[in-house]
Structure formats: structure tokens, C-alpha cells
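**Student:** Structure provided below as C-alpha cells; questions to follow.
The values are calculated or read from the model by the stated rules, or taken from the named source; none is laboratory data. Everything numeric here is computed off the predicted structure, so don't read it as measured data. FYI the Cβ positions are ideal-geometry reconstructions off the backbone, even for glycines, and counts take in every protein chain you see. Areas reflect the complete protein model, heavy atoms only, side chains present, ligands, DNA and RNA absent. Shrake-Rupley method; radii C 1.70, N 1.55, O 1.52, S 1.80 Å.
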Amino acid sequence: MTAVSECFRSLRSQGNCALIPFITAGDPDLSTTAQALRILDRAGADLIELGVPYSDPLADGPVIQAAATRALNRGVKLEDVLEIVKNAQGEVKAPIILFTYYNPIYHRGIDVFLDQIKAAGVSGLVVPDLPLEEAESLLQPAAAKGIEVILLVAPTSPPERIQAIARQSQGFIYLVSVTGVTGMRKQVATRVEELLDSIRSVTDKPVGVGFGISDATQALQVKNWGADAVIVGSAMVKRLADNSPGDGLKSLEELCRSLKQAIR
């Protein structure tokens, strides 16, 4: 599996901005998720963020919450998600980043969880409810196993906290563009440009911007502000939710291609 940081080094050497689509595993079903990974990979995704359905997704807005609820109601478990990732090895080139809340990690035990996701072929990990002050217990063992843990910077983060997060984050830094939960917005907050400058002043690690980006115009704007990656979630999940599986996959591919074309 390709490391997240290795992928960014390659993109940077070519002067390219990364596209990172997000989908919720198991919505509308596991088979569609497996197909979606392959389609996104072919359509220009540089990395793919795969959400593990969770019963109390505090960082997620209505679209992704609803997707997680539907997946859970169908009985989707972590093992099902990892089986999809494992089966995609050799076909999907884009590194897969698992998006999960901390409780499933704690429940299994950190080492057991990391061994499971590494065996499946996961390259990175985003844990939105893990505060910086408690992240070390996951960061060190993950690094030892070759899993890069990506930390989040909030729009309200003061300079000293931004510096601390930038120092600890692995792979890249995830800049949350809005205060609140995920979801599509009509425009990207202009404060993102200022926040990108603040992060750049303390680190040369790549920065990805997510939460609220839903179309090609917004993606290009974020790229022009200096982001190394554009992360698009709710707009992707909605394409799958609002259509039949076949039409949803076609719509997902169209969105992915349009976003990639915009930030080339």
C-alpha cells in the first residue's frame, strides 16, 4: 500500500493538488461501496477517505449521518469495511484513509485495531473526536505499524495549537473549513485562506481542506488559496443516496472527474 505522505510527495513534485473524495462504507450497500472505490480511483481520486458507519457521528452533518444510519441498519460492521479495502488491493492505486471515531478503536484495543486495518491495506486514519492531548497513545503505535494518523485543525484553533497539531500530524494536516459539522455550503469561508497561511508559517507538511466543499468552483478556489488537497464528502455521499446504485455510481464518477479537472 502507498503511504499517504509518499502520495503527497509525488503530487508535490509534479505541482499537483490532491483530490480526496469521501464516501460512507455500506451506503447504499457494501457492493456499491466496493464499486465506488474502483470508480473514484479511475476518475482521478488521489486518495480516498472511507467512513466507518458509527452511531453517534458528532463531526458529521445530516447527509453523512443519514448514510451512516442506513449502513448500520443494514448491519455493516468494521470487518465488512475492511474486507472491501482488502479486496481492493491491487486494483485501487489511491491510498485509502479510514475515517472512524475513537470508540471502535478503544473497544478493540489500539494495537488490535491497527493490526486489523494494516492487514486490510489501509494507509491513513482520521479520528475526528480524538483531541490532540490524547493523540499520542494512537500516534506512536500507528507510526510503528506504518499507518499515518491525520490530525484536524479547526477554524477556531489559536496559533500555538495549530503549531502543536502541525508538529504531530502524519501524512498531511486536515484543515476544517467551517465551525460545525460536515455538509455542503454555497461558498467556502474566506477565513480558510488566512488559516492556510497560518499553517504554512509553522510547517511544510501538506494541508488538505475539507467540510463544505461541494463543486468544482469551490475546489479550484481552495486550490488557488494554496491547499495541497481538496476533500469532498457530503456531495459525494449525496450522489449515491439520491439515485439507484447504478445511477449513483455514474453521478459519483461525473462529480469526481469534474473536481479533478478543476484542480489540475
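**Student:** Select from segment 203-223 the residues that are open to solvent by 20 Å² or more (accessible area, probe 1.4 Å) and among the polar types (S, T, N, Q) and list them in ascending order.
**Tutor:** THR203, SER214, THR217, GLN221
**Student:** Conditions first: (1) of a type in the set (Val, Ile, Thr); (2) open to solvent by 80 Å² or more (accessible area, probe 1.4 Å); (3) in contact with a Phe, Trp or Tyr (Cβ under 9 Å, 6 or more places away or on another chain). THR156 passes all but one, so which condition is the exception?
**Tutor:** It fails just one condition, (3).
**Student:** Among the residues of segment 101-140, write down those that are open to solvent by 30 Å² or more (accessible area, probe 1.4 Å), farther than 21 Å from ALA68 by Cβ and not polar (S, T, N, Q).
**Tutor:** Scanning segment 101-140 gives ILE110, ASP111, VAL112, ASP115, LYS118, ALA119, PRO131, LEU132, GLU133, GLU134, GLU136.
For every residue, the table says whether it meets (1) closer than 18 Å to LEU139 by Cα; (2) over 19 Å from the mean Cα position of the chain (by Cα); (3) modelled with pLDDT under 95.
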| site | (1), (2), (3) |
| --- | --- |
| SER55 | no, no, yes |
| VAL63 | no, no, yes |
| ARG70 | no, yes, no |
| ASN73 | no, yes, no |
| VAL81 | no, no, no |
| ALA94 | no, no, no |
| LEU98 | yes, no, no |
| ASP111 | yes, yes, no |
| LYS118 | yes, no, no |
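**Student:** Can you tell me which of VAL76, VAL81 is outside any loop (DSSP other than H, G, I, E, B), touching a residue at least 24 places away in the same chain (Cβ under 8 Å) and hydrophobic (A, V, I, L, M, F, W, C)?
**Tutor:** VAL81
**Student:** Name the residue that is surrounded by the fewest Cβ atoms within 10 Å (Cβ to Cβ), counting only residues in segment 1-60 that are of a type in the set (Asp, Glu) and within 17 Å of VAL149 (Cα to Cα).
**Tutor:** Only one residue fits best here, namely GLU6.
**Student:** Which residue, of GLN35, GLN65, is within 15 Å of PRO21 (Cβ to Cβ) and of a type in the set (S, T, N, Q)?
**Tutor:** GLN35
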